[in-house]
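The structure under discussion appears below in the form of structure tokens.
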């Protein structure tokens, strides 16, 4: 992916900013994010390095804003990372998941089609699979919308990203630094995990290889037991920190899957990916 005009929605987020880091050296980047300070800081940083990075503060729920972005920049490639991603807040305010994750995606999709974008990549989550939470259900709806657009429109689905904003590792580290117990929801809980850099590198590769109408799932290896991960964090801290179980919150599951049962039957393995047509 070189010499392209690339739009990144949610550019100031964990995945969006890593997409920017990996794509900016060889492309022209335009980002949109509702996070004013985060967007401003990224643009300043990369422009000071002489790279073609521009940004706009805006909400993808506002169709007029989305139209301005597409008309001004005329992107050839879109990485759609803007979304609400936390389970508990969306259980408490489901209308926000619907307005941002579903209607916001609809706005981006509509104008991507109108402006004949060549490649559209939706960043999705394993919580879209067999989901019992609002956030996961909203992302599943986004997957269906993007997959049904056909040529050039692909979905990339993966699990938890270590170190991303709001993820468990930074929370635990803060608890360790403050001498507080590490909190886990349930000692039986398991999650698929990888680093931001690994995930985004594979997202870009998946975006390049996808022809359209596919769901591309990253092979994330085996699930990690959250209790064992917490023990590793304590061991590396060299502190005597207790572990406190606080119980599963609304919408959470003990174990998550990367594919539906029917997807497992038809998925084809290609390198680090499972491809579902």
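Overview of values
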read-out	value
Answer from 217, 204, 234, 241 - the residue that is at pLDDT 90 or above, surrounded by 15 or more Cβ atoms within 10 Å (Cβ to Cβ) and assigned to a loop (DSSP other than H, G, I, E, B)	241
Of all residues in the stretch 146-170 being out of contact with any strand residue (DSSP E or B) (no Cβ under 8 Å at 6 or more places or on another chain) and surrounded by fewer than 18 Cβ atoms within 10 Å (Cβ to Cβ), the one that is farthest from residue 212 (Cα to Cα)	170
Selection status of residue 26, crowded, with 16+ Cβ neighbours inside 10 Å and closer than 20 Å to residue 119 by Cα	no
Residue tally, condition within 17 Å of residue 256 (Cα to Cα), surrounded by fewer than 19 Cβ atoms within 10 Å (Cβ to Cβ) and touching a strand residue (DSSP E or B) at 6+ places or on another chain (Cβ under 8 Å), over the stretch 222-231	3
Selection status of residue 30, modelled with pLDDT of 95 or more, under 11 Å from residue 7 (Cβ atoms) and over 17 Å from the mean Cα position of the chain (by Cα)	yes
Close pairs (6 angstrom Cβ cut-off, 6 or more residues apart or separate chains): surrounded by fewer than 16 Cβ atoms within 10 Å (Cβ to Cβ) in the stretch 48-69, modelled with pLDDT under 95 anywhere	none
Residues satisfying the stated conditions in the stretch 76-116, i.e. out of contact with any helix residue (DSSP H, G or I) (no Cβ under 8 Å at 6 or more places or on another chain), assigned to a loop (DSSP other than H, G, I, E, B) and crowded, with 17+ Cβ neighbours inside 10 Å	76
Residue in the stretch 36-54 that is touching a strand residue (DSSP E or B) at 6+ places or on another chain (Cβ under 7 Å), part of a loop (DSSP other than H, G, I, E, B) and over 25 Å from residue 208 (Cβ atoms) present	no
Residue within the stretch 194-210 that is on the phi > 0 side of the Ramachandran plot and more than 12 Å from the chain's Cα centre (by Cα) present	no
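The values are calculated or read from the model by the stated rules, or taken from the named source; none is laboratory data. What you see is a predicted model; the values in this text were computed from it and never measured. Cβ coordinates were reconstructed from backbone atoms using ideal geometry, including for glycine residues, and neighbour counts include every protein chain displayed.
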